[in-house]
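What follows is one structure encoded as structure tokens, with my remarks underneath.
Each reported figure results from applying straightforward, stated rules to the coordinates on display, with no laboratory input. Owing to the predicted nature of the structure, the values given are computational and were not obtained by experimental measurement. As a convention, Cβ positions derive from the backbone with ideal geometry for all residues, glycine included, and neighbour counts pool all protein chains shown.
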Amino acid sequence: MAFTTQRKVRFQHCDPAGIVFYPRYFEMINSVVEDWFEEVVHHDFNQLHVETGTGVPTAAIDTQFHAPSRLGERLTFELRVQSMGRSSLTLQIVAYCGEQKRLTSDSTLVFVDLSSGKPMPWTEAIRQHITVDNL
């Protein structure tokens with residue numbers, strides 16, 4: 001089952017033509033991942049980064065932009081877990097405005113020890129909340 005959240009396209013996201021400047025989509029994608037960790041995984045980024053000294057940097061990202069998004073539109077983002085490894089997680093995020101697909105992004109996150117920067121196995125406390133979606 002997909003995690004779903006919405007983002008309003010704000011002035012800060014747009015270029016002078018009034019459409020989302022593509023790097024701003026990556027900020028939105030990251031905020032969706034952050035919300036998912038808080039609401040579904042029950043480990044917000046403060047807990048991960050500050051309290052436990054761990055993190056989930058993006059190791060790879062592949063994004064297709066299907067149609068422009070404009071100032072004032074409300075985008076619906078759907079996050080699905082594609083696979084989970086010992087220390088990695090592959091996610092797919094799709095953004096829609098109404099029925100129109102705006103972007104598809106596949107990314108791989110890696111669970112790391114922030115002091116060493118090295119990958120580490122997911123903790124059981126995190127792993128128990130992550131379900132791989134069947135496509």
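Per-structure values
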{"item": "GNM flexibility winner over the chain from PRO68, PRO23, PRO121 (Cα, springs under 10 Å)", "result": "PRO23"}
{"item": "Nearest-20 debye value, the chain charge dipole, Cβ charges on Lys, Arg, Asp, Glu", "result": "340 debye"}
{"item": "Mean separation of Cα contacts under 8 Å, 6 or more apart, over the residue count of segment 1-123: relative contact order %", "result": "28 percent"}
{"item": "Efficiency of FRET between LEU71 and SER31 - r from beta-carbon atoms, R0 25 angstrom, step 0.05", "result": "0.90"}
{"item": "GNM top mover of MET28, MET84, MET120 - the chain, alpha-carbon springs below 10 Å", "result": "MET120"}
{"item": "Gyration tensor verdict on segment 3-127 (Cα atoms; rounded if a/c is under 1.5, prolate if a/b is larger than b/c, oblate otherwise)", "result": "prolate"}
{"item": "FRET efficiency, ASP15 to CYS97 (Cβ-Cβ, R0 22 Å, nearest 0.05)", "result": "0.80"}
{"item": "In sequence order, calculated HN-Hα J values of segment 74-89 (Karplus, 6.51, -1.76, 1.60; Hz; x Gly/Pro)", "result": "10, 9, 9, 9, 10, 10, 10, 7, 8, 7, 9, x, 4, 9, 10, 8"}
{"item": "GNM flexibility winner over the chain from HIS13, HIS66, HIS43 (Cα, springs under 10 Å)", "result": "HIS66"}
{"item": "DSSP-assigned coil residues among GluC sites (Glu not before Pro) in segment 51-135, each with at most 11 further Cβ atoms within 10 Å", "result": "GLU99"}
{"item": "For the chain, calculated [θ]222 nm from helices alone, where every DSSP H run of n ≥ 4 adds -39500 (n - 2.57)", "result": "-4000 deg cm²/dmol"}
